[in-house]
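Worksheet: one structure, shown below.
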Amino acid sequence: MKTALVAIIGRPSVGKSTFLNTACQESVSIVSATPQTTRNAIRGIVNTSLGQLVFIDTPGYHDSEKKMNLRLRSVTENQLDGIDCVLYIIDSTRAVGAEEEQTANLLRSLQEKTVVAINKIDLRNNRKQEIRDFLAINLPEIPQERIFEISAQNDEGINEVLKGLYAISPEGEPMYGDEMYTDQDLKFRVCEIIRGEAINRLEEEIPHAVYVDVADIEHRNEGKKLWIRAFLYVERESQKGIVIGKGASKIKEIRLSAMQKLNEIYMQKIDLDLQVRVDKNWRQRDFTLRRLIPE
């Protein structure tokens, strides 16, 4: 039986979370067109007849001196300690450049345990040969049989990537039961689902200025209902009005869509009380960043 801890590495918006959700066949990580959606190291678990792969979805690795982005880089770098394998995902529709070179440099000493997935090959403007040339120069020790072309969105090539990871995984007992697909606790899951629904309904800079805090969770009606009170935080008063929307239409939309997703996951009926608050300039405060994004 093969068991491995696998770090998923790649630039923002390459499809890391989409890959994880497709591989797990469940919604484990937020998927959004907004870059830098993933803020934490999120685990997704894949169980097959070959064994167990425990994936760690990491924040997109990119160059930025902003305090929050430096924190996200640290989260990604720290996940490489003690892992068994790396899945390096590259967006085939984007030209390689300095950020891709930085990501490749991060993996230079880990080539013997790295599998590469060239993603979005279903799109016409893919540059898969350019990516292969880049890999041959920057990560020459990764053999061709560990470089795969996939479409995470369309579930193409995913099984081949999993087989490639199993091939280099160590023998070992599973870390989790075979019925589990994530180790996220209830509070974290609720926060991520609400944040995901907010991000996909907000525009411009606001999605990056949002975080969610769950204040209360109560089991009611003899455990048949989960009552949750949560707060969706923004950085400025002007953003609060946008998130609430005219006649509270936007926050109602976010609340109802989050409730629907939660009801699909949990057996109890979900009752969500969601309010908007301001936490001024929270992305500039170390205390808040440490609490929301532990390294």
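The values are calculated or read from the model by the stated rules, or taken from the named source; none is laboratory data. Model, not experiment: these values are computed from the prediction. Note that each Cβ is placed from the backbone with ideal geometry, even for glycine, and that neighbours are counted across all protein chains shown. Ligands, DNA and RNA are stripped out before the accessible areas are found, and what is left, the full protein with its side chains, is counted by its heavy atoms. Shrake-Rupley method; radii C 1.70, N 1.55, O 1.52, S 1.80 Å.
The table below lists the values:
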| read-out | value |
| --- | --- |
| Where only alpha carbons of the chain are counted, the Rg and the Dmax (Å) | 19.7, 62 |
| Projected label distance in nm at residue 136 and residue 74, using a 7 Å step from Cα toward the beta-carbon | 4.0 |
| Other-chain or far-sequence residues with amide H under 5 Å of residue 148's (modelled H) | 116, 117, 118 |
| Rounded accessible area of residue 225 (nearest 10 Å², 1.4 Å probe) | 50 |
| Dipole magnitude of the chain about its Cα centre (Cβ charges: Lys, Arg +1; Asp, Glu -1), debye to nearest 20 | 1140 |
| Residue-span extension gain [residue 271 to residue 256] - 0.36 nm each, minus C-alpha spacing | 4.4 nm |
| Fraction of accessible area attributable to carbon and sulfur, the chain (%, probe 1.4 Å) | 46 |
| Under the Debye formula (equal points on every Cα, no solvent term), log10 I(q)/I(0) of segment 164-239 at q = 0.19, 0.25, 0.27 Å⁻¹ | -0.89, -1.17, -1.26 |
| Separation in nanometres of the label points that stand 7 Å from Cα toward Cβ, at residue 153 and residue 49 | 3.3 |
| Accessible-area ranking of 1, 180, 267, 259, largest first, probe 1.4 Å | 267, 1, 180, 259 |
| Over 25 Å between alpha carbons, listed pairs 187/224; 163/187; 16/250; 128/261; 224/252 | 163/187; 16/250; 128/261 |
| Listed residues 261, 224 arranged by accessible area, highest first, probe 1.4 Å | 224, 261 |
| Rh (Kirkwood; distinct C-alpha pairs) - segment 116-269, Å | 19.6 |
| Difference of contour (0.36 nm per residue) and Cα-Cα distance, residue 280 to residue 187 | 31.2 nm |
| Candidates 29, 13, 49, ranked by Gaussian network fluctuation over the chain, Cα under 10 Å, top entry | 49 |
| Residue 246 paired with residue 163, simple spin-label distance in nm, labels 7 Å along Cα-to-beta-carbon | 5.5 |
| Under Karplus coefficients 6.51, -1.76 and 1.60, residue-wise ³J(HN,Hα) of segment 108-113 in Hz, glycine/proline x | 4, 8, 10, 4, 5, 10 |
| Cα-centre dipole for segment 80-202 with unit charges at Cβ (Lys and Arg positive, Asp and Glu negative), debye to 20 | 540 |
| Whole-Hz ³J(HN,Hα) from phi, Karplus 6.51 cos²θ - 1.76 cosθ + 1.60, for segment 189-198, glycine and proline x | 4, 4, 4, 5, 5, 5, 4, x, 5, 5 |
| For residue 18, net neighbour charge (Lys/Arg +1, Asp/Glu -1) across residues whose Cβ lies under 13 Å away | -4 |
| Three-way shape call for segment 102-201 based on the alpha-carbon gyration tensor, with the a/c threshold at 1.5 | oblate |
| Taking the C-alpha atoms of segment 204-251, convex hull volume expressed per residue in Å³ | 96 |
| Choice from 100, 204, 171 showing the highest fluctuation, given a GNM over the chain with Cα pairs closer than 10 Å | 204 |
| Extension gain (nm, one decimal) between residue 229 and residue 128, 0.36 nm per residue minus Cα-Cα | 31.7 nm |
| Exposure ranking of 22, 103 by accessible area [1.4 Å probe, largest first] | 22, 103 |
| Shape call, segment 82-142: gyration tensor on alpha carbons, a/c limit 1.5 | prolate |
| Surface per residue (accessible, 1.4 Å probe) for segment 167-295, Å² | 56 |
| Note, ³J(HN,Hα) from phi for segment 155-166, Karplus 6.51, -1.76, 1.60, rounded to Hz, x at Gly and Pro | 6, 10, x, 5, 4, 5, 5, 4, 4, x, 6, 4 |
| Tensor-based shape of segment 229-295 (alpha-carbon gyration tensor, a/c under 1.5 rounded, otherwise prolate or oblate) | oblate |
